[in-house]
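Before any comments, here is the structure.
Nothing in this text is a laboratory measurement; each read-out follows from the coordinates by a stated rule. Every value quoted in this text rests on a predicted model; they were computed, and no experiment measured them. Here Cβ is always computed from backbone atoms with ideal geometry, including for glycine, and neighbour counts include all displayed protein chains.
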């Protein structure tokens, strides 16, 4: 395996991007989950699919656009989707989740049209839906690196503001925090991470890498930083195990990464249950 | 003329759509006061606090905070805020007590700036003020309602405020812990000279700790020393509250 990675550039691209996504997706995922926005990642990923499908269709009909990396249009679609979600959330103040339904439907609708116009499912589209070990180009890797730098700088600058906003929005506003702007930036960065992750995990599974490692970490962590460290650890473990098994089994890495994440989650839940029952037993014992 | 009050509201009114919530409120609070704002449900108490905090803009009238116009007031760290426990946070949130209290430093440091080097000491000091110094590594969700509310006071105290605004802070707290909670507030008021503005229903419990009372029901029906409030007749109280209120002793 290591020899193959050293010899083949496509494997280097896939593993380097995978490791970076294993870091940034759960990192941002912690904030997404505690802010109860996990479905927004799904909505944005479907908008990204519309962008990708649109780009693939255009590349067929306009030869000049064949050179354009579909990821760029995907990124533009995701970022526009994130801004629109915010607009709709403000429009339907008392039914904020409607924004997710609207954007998700729009994303799926446009995707269906573009995929049909591009003569149905191709192997390209399949790769974008479920991820691919072989399809990550050097250019894709560079895009992932640039997005990762943006995410890390954003979180370093806004960590304490995002924590306060996630924990207690009213208090954050009373502290003079421009909640609306910080939130909009956060949504845009989320859109970037979704666009960056789709090459490896695929559009349909990208939100899982943002939520499953966090779901596992929240059962164990006492504090917020601890939740972040554990989420990244579980995310990386899922990406490494998932990519290696996808390579050997010759299947889509999105599936193996997500299934590994679910296995990690189940192990954590089981360990926590055993640990809790041991504690209760010990306490009962000390009472007797 | 520059106001010498911590909080100075003049003829403040607030309207939400067509509903008048507050009408011609004039209220002054000076440094070291311990003011209890009393009023029936829907009397505009929380709206009044939100106007003081700058979360809502009055439809008319003026707000001065520490001698500055409310909208120009930049020293947000001078006014600490503690809301009702029930709507403050999601109890499953993975955060330690230390992390929660440290988050109050955002006011002091400002946006995008690093926390000060002595932030650890500031957090420990704030926790000590509320008697929770040994809980810093605990998860916030595993504490009782009363303990959580103390942590939220510590979060407000960590930026060294001159004034604390509390919106029914004892809602959802066991009755036996309410007394010690108010004792702690009285101690902060006495020893650190922190001005306290408290919206509450616990008229009896809080009465021997406060200095002033304001009775609110869309307008201010009474504002003055606690002793004068105690002299009010039953008719006066009915006129304000809509029905009879127990006298405080």
So the FRET efficiency between residue A:92 and residue B:10, C-beta based with R0 = 51 Å and rounded to 0.05, is 0.85
Compute the long axis of helix B:175-191 from its Cα atoms, compare it with the longest principal axis of the Cα atoms of chain B, and write down the angle in degrees, 0 to 90, nearest 10.
90 degrees
State the percent of C-alpha pairs, over all pairs in the range B:103-194, separated by a distance greater than 20 angstrom.
37 percent
Can you sort A:234, A:154 so the residue with the fewest Cβ neighbours within 10 Å comes first?
A:154, A:234
Rank B:149, B:230, B:84 by mean-square fluctuation in a GNM of chain B with C-alpha springs under 10 angstrom and give only the top-ranked residue.
B:230
May I ask what percent, to the nearest 5, of DSSP beta bridges between residues of the protein assembly as shown are antiparallel?
55 percent
Pseudo-spin-label distance residue B:118 to residue B:142, built 7 Å along Cα→Cβ, given in nm, is 3.2 nm
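So, R0 is 45 Å and r is the distance between the beta-carbons of residue A:240 and residue A:60; what FRET efficiency does that work out to, to 0.05?
On the way: r = 36 Å, r/R0 = 0.80.
That gives a FRET efficiency of 0.80.
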Residue A:156 paired with residue B:205, simple spin-label distance in nm, labels 7 Å along Cα-to-beta-carbon
4.7 nm
Counting other C-beta atoms within 10 Å, which of B:194, A:108 has the fewest, and how do the rest follow?
A:108, B:194
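Which value results when the Cα radius of gyration for the range A:161-288 is divided by 2.2 N^0.38 Å? If you can, show how the numbers build up before the last one.
Numbers: Rg = 18.8 Å, N = 128, 2.2 N^0.38 = 13.9 Å.
Normalised Cα radius of gyration, the range A:161-288: 1.35.
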Can you compute the modelled spin-label distance between residue B:230 and residue A:139, with each label point 7 Å from Cα toward Cβ, in nm?
8.2 nm
Could you list the residues of the range A:71-105 with an amide nitrogen less than 19 Å from a label point located 7 Å from the Cα of residue A:169 in the Cα-to-C-beta direction?
A:82-104
Connecting C-alpha atoms closer than 10 Å in a GNM of chain A, tell me which of A:102, A:40, A:52 has the biggest fluctuation.
A:102
To the nearest 0.05, how large is the calculated FRET efficiency for residue A:180 and residue A:275 if R₀ is 30 Å and r is the Cβ-Cβ distance?
0.10
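Given the convex hull over the Cα atoms of chain B, what projected area results after averaging over all orientations, in nm²? Provide the component values of the computation, followed by the final result.
Working: hull surface 57.2 nm².
Value for chain B: 14.3 nm².
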With no solvent term and unit scatterers on the alpha-carbon positions of the range B:135-249, Debye gives log₁₀ I(q)/I(0) at q = 0.11, 0.12, 0.17, 0.21 Å⁻¹ of -0.42, -0.50, -0.92, -1.24
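Tell me, in nm to one decimal, what length is gained between residue A:117 and residue A:146 on full extension, where the rule is 0.36 nm per residue of separation less the Cα-Cα distance?
7.3 nm
Determine, for A:97, A:236, the number of other Cβ atoms within 10 Å of each Cβ, and report the residues in order from fewest to most.
Values: A:97 13, A:236 17.
Starting with the residue having the fewest Cβ neighbours, the order is A:97, A:236.
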If you take the Cα atoms of the range A:2-207, find Rg, then find the Kirkwood Rh from the mean of 1/r over all pairs, what is Rg/Rh?
1.00
Along each of the three principal axes of the Cα atoms of the protein assembly as shown, give the extent in whole Å, ordering the values from largest to smallest.
88, 64, 42
With a 10 Å cut-off between alpha carbons and a GNM built on chain B, which of B:228, B:72, B:202 moves the most?
B:72
